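**Student:** This is the structure I have questions about; it appears just below.
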Amino acid sequence: MALDLPAGPRAPAAWQTVAWMARPGAFLRRVHERFGDPATIRTYWTEEPMVLFSAPEAVRDVFRLDPAIAPAGQSWEFLRPFAGPHSILLLDGEDHLRERRLMQAPFHGERMRAFAPAVADLARRELSSWSGPVTTLERMRHLTLEIILRVVFGASGEREAAPLRAAIEGTLGDVRSLPRMLAMALVQRDLGPRSPWGRFRLAVERFDSLLLDFVARRRAEPNGDSVLALLLEQRDEDGNAATDRHLRDQLVALLVGGHDSSAASLAWAFERLARHPSVHARMAAGDDEYLDAVVKEVLRARPALTIAPRRLLEPAPIGGRTIPAGVQVAACLWLAMRREDLWLRAGAFWPERWLEDGSPHPLSWIPFGGGVRRCAGAPFAEMEMREVLRGAAELTIRPVRPEPERARRSMLVVTPDRGGEVLVG
Ligand code: HEM
């Protein structure tokens with residue numbers, strides 16, 4: 001029996017998949033214009049059709065779904081060999097909440113602010129070498145990985161950082177490439193060390209032994225401030241410290257969650273700033289409140305993640321209608337943050353809105369998702385963006401071509417299609 005779902009494009013799933021990957025912004029806009037809210041899309045991205053919601057009441061309903069009937073962890077199943085059994089990404093319900101409490105401790109208040117100088121220092125070092133044409137996405141992937149290695153993991157010196165960096169680039173190279181991912185998802189069997197899956201498993205094993213050695217060394221010889229140092233202090237309800245394997249899974253979750261998403265958001269920041277010299281000039285004047293407004297506006301106008309999906313195991317009321325079991329429902333972050341009825345000049349890049357308009361509706365600015373799965377690293381991500389943009393304010397940048405860059409999907413994140421290219425100097 002056909003499911004009773006909101007209307008959506010009739011084009012074959014293959015066509016919708018191509019649009020979703022190659023032109024996600026234009027695809028979502030067209031779907032919204034043609035079918036309104038909610039709308040159902042069909043792509044190879046998920047096995048089930050996906051119902052997208054962007055109205056605040058419906059977004060609230062999605063974020064409040066009981067994890068027992070709408071687990072989010074299952075969507076990350078393909079990452080299990082890399083993420084590990086303790087991973088916050090894969091857990092649901094009570095286990096997930098317990099893991100969140102442990103993992104979020106380092107990201108609160110003073111403890112978090114203590115990381116800002118180290119991030120600022122790494123950002124300054126990166127930006128000081130820029131001159132001429134720069135593909136900011138590439139450089140930001142490098143910088144955000146460096147920040148994770150030095151500030152989150154606490155690797156000190158090149159001797160510790162270099163092998164970890166090389167192993168991560170090897171492993172993530174496989175996870176990031178979509179054709180390889182699809183090939184691996186289809187053939188999740190070890191067909192020997194030369195098959196994509198076999199190579200991936202070997203890369204993960206090499207990375208694991210490095211990371212476990214590293215965690216054991218840090219436990220034996222703590223070395224100052226890092227997210228790992230704070231995670232090493234954590235104790236569960238029974239007073240037990242986390243095992244090395246558990247800490248390994250926590251570091252990998254922070255890496256998977258925090259690397260490409262931050263790099264994409266920063267590349268978008270450069271793409272937008274290069275085309276808005278007055279915003280860049282005002283940022284250079286050194287006003288922290290304005291800097292914060294620029295960060296919020298980049299995350300609103302060009303969110304790195306377009307949806308927060310949940311798979312429905314039972315029918316559930318969302319936005320005033322019952323959605324049947326067996327489909328994916330998603331808060332569409334991209335659409336919610338550019339609804340004309342919620343945002344003045346929704347399509348404009350206009351940080352001043354944050355100073356003049358006051359706070360937006362809490363369910364309309366949702367770049368970090370929401371509910372129990374809201375981004376666990378959001379305060380870190382915002383701090384990181386502020387520190388990098390503070391350094392960028394001192395550069396002179398122009399776009400390589402005047403027209404805005406379009407959005408395209410690179411695995412899980414949406415990036416500028418020419419990599420956020422700018423001319424520096
Ligand atoms: C601008 C950069 C970032 C953006 C736009 C972003 C966005 C998101 C979004 C949309 C989700 C899913 C929320 C949901 O399903 O409701 C998420 C989850 C997550 N993010 Fe981020 N994120 C960013 C940076 C970071 C950083 C820097 C870290 C870690 C240091 C991080 C760690 C995580 C983790 C661990 C989760 C999984 C949370 C869970 O399942 O409970 N993220 N992020």
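The values are calculated or read from the model by the stated rules, or taken from the named source; none is laboratory data. These numbers come from a predicted model, not from an experiment. All Cβ positions, even for glycine, are placed from backbone atoms using ideal geometry, and neighbour counts span all protein chains on display. Just the protein is used for accessible areas: all its heavy atoms, side chains included, with ligands, DNA and RNA removed. Shrake-Rupley method; radii C 1.70, N 1.55, O 1.52, S 1.80 Å.
**Student:** Compactness ratio of segment 194-259: Cα Rg over 2.2 N^0.38 Å, N = residue count?
**Tutor:** For segment 194-259, the normalised Cα radius of gyration comes out at 1.28.
**Student:** Shifting gears a bit: Leaving ligands, DNA and RNA out of it, report the carbon-plus-sulfur percent of the accessible area of segment 309-425 at a 1.4 Å probe.
**Tutor:** Accessible surface attributable to carbon and sulfur in segment 309-425 totals 52 percent.
**Student:** In addition: Given H placed on each backbone N at 1.01 Å, which residues far from SER410 in sequence or on other chains put an amide H within less than 5 Å of it?
**Tutor:** For SER410, the qualifying residues are THR415.
**Student:** What whole-number value in Å² describes the accessible area per residue of the chain for a 1.4 Å probe?
**Tutor:** Ligands and nucleic acids excluded, the figure is 44 Å² per residue.
**Student:** Okay, moving on. Taking θ as phi - 60°, what are the ³J(HN,Hα) couplings along segment 85-95 by the Karplus curve (6.51, -1.76, 1.60), each to the nearest whole Hz, with x for Gly and Pro?
**Tutor:** x, 8, 5, 4, 5, 9, 7, 9, x, 4, 4
**Student:** What are the ³J(HN,Hα) couplings of segment 158-167, residue after residue, when phi is run through the Karplus curve with 6.51, -1.76, 1.60 and θ = phi - 60°? Round to Hz, x for glycine and proline.
**Tutor:** 4, 4, 7, 6, 4, x, 5, 4, 5, 5
**Student:** Still on this model: Compute the length gained on full extension between ALA13 and SER359: take 0.36 nm times their separation in residues and subtract their Cα-Cα distance, giving the result in nm to one decimal.
**Tutor:** Roughly 120.7 nm would be gained on extension.
**Student:** If contacts are Cα pairs under 8 angstrom and at least 6 residues apart, what is the relative contact order of the chain in percent?
**Tutor:** 27
**Student:** Here's something else I'd like to know. With just the Cα atoms defining each centre, how far is segment 333-369 from segment 51-124? Give it in Å.
**Tutor:** Cα centres, segment 333-369 to segment 51-124: 22 Å.
**Student:** Go through segment 1-61 and name the trypsin sites (Lys or Arg not before Pro) that are in a DSSP coil and have 13 or fewer other Cβ atoms within 10 Å of their Cβ.
**Tutor:** ARG10
**Student:** Report the FRET efficiency, 1/(1 + (r/R0)^6), for SER129 and THR322, where r is their Cβ-Cβ distance and R0 is 41 Å, rounded to 0.05.
**Tutor:** Taking R0 as 41 Å, the efficiency between SER129 and THR322 is 0.15.
**Student:** Which GluC sites (Glu not before Pro) from segment 282-380 combine a DSSP loop assignment with at most 10 other Cβ atoms within 10 Å?
**Tutor:** Counting only loop positions with at most 10 other Cβ atoms within 10 Å, the GluC sites (Glu not before Pro) in segment 282-380 are GLU340.
**Student:** log10 I(q)/I(0), Debye, Cα-only the chain, no solvent, q = 0.06, 0.07, 0.08, 0.09 Å⁻¹?
**Tutor:** -0.24, -0.33, -0.44, -0.57
**Student:** Right, something else. In segment 1-65, which GluC sites (Glu not before Pro) fall in coil by DSSP and have 15 or fewer other Cβ atoms within 10 Å?
**Tutor:** Of the GluC sites (Glu not before Pro), the ones in loops of segment 1-65 whose Cβ has at most 15 other Cβ atoms within 10 Å are GLU47.
**Student:** A further question on this structure: So what is the relative contact order of segment 213-259, in percent, for Cα pairs below 8 Å that sit 6 or more residues apart?
**Tutor:** Taking the mean separation of contacting Cα pairs over the length of segment 213-259, I get 31 percent.
**Student:** While we're looking at this one, here's another question. Rank GLY132, GLY319, GLY258 by mean-square fluctuation in a GNM of the chain with C-alpha springs under 10 angstrom and give only the top-ranked residue.
**Tutor:** GLY132
**Student:** Now a separate question. Run the quick spin-label model on ALA346 and ARG235: label points 7 Å from Cα toward the beta carbon, then report their separation in nm to one decimal.
**Tutor:** In this crude label model, ALA346 to ARG235 measures out at 5.1 nm.
**Student:** Post the alpha-carbon centroid distance, segment 378-425 to segment 1-42, in whole angstrom.
**Tutor:** Segment 378-425 and segment 1-42 have Cα centres spaced 28 Å from each other.
**Student:** Please compute the contact order of segment 214-301 in relative form: average sequence separation of alpha-carbon pairs under 8 Å and at least six residues apart, divided by the residue count, as a percent.
**Tutor:** Reported relative contact order: 18 percent.
**Student:** Give the Kirkwood hydrodynamic radius (Å, one decimal) of segment 1-133, defined as one over the mean of 1/r across all pairs of different Cα atoms.
**Tutor:** Hydrodynamic radius (Kirkwood, Cα pairs) of segment 1-133 is 18.9 Å.
**Student:** Return the FRET efficiency for the residue pair ARG159, GLU394: r is the Cβ-Cβ distance, R0 is 22 Å, and the value is rounded to the nearest 0.05.
**Tutor:** According to the calculation, E is roughly 0.10.
**Student:** Can you pull the Kirkwood radius for segment 287-335, inverse mean 1/r over Cα pairs, to one decimal in Å?
**Tutor:** 13.0
**Student:** Post the alpha-carbon centroid distance, segment 299-330 to segment 199-228, in whole angstrom.
**Tutor:** 36
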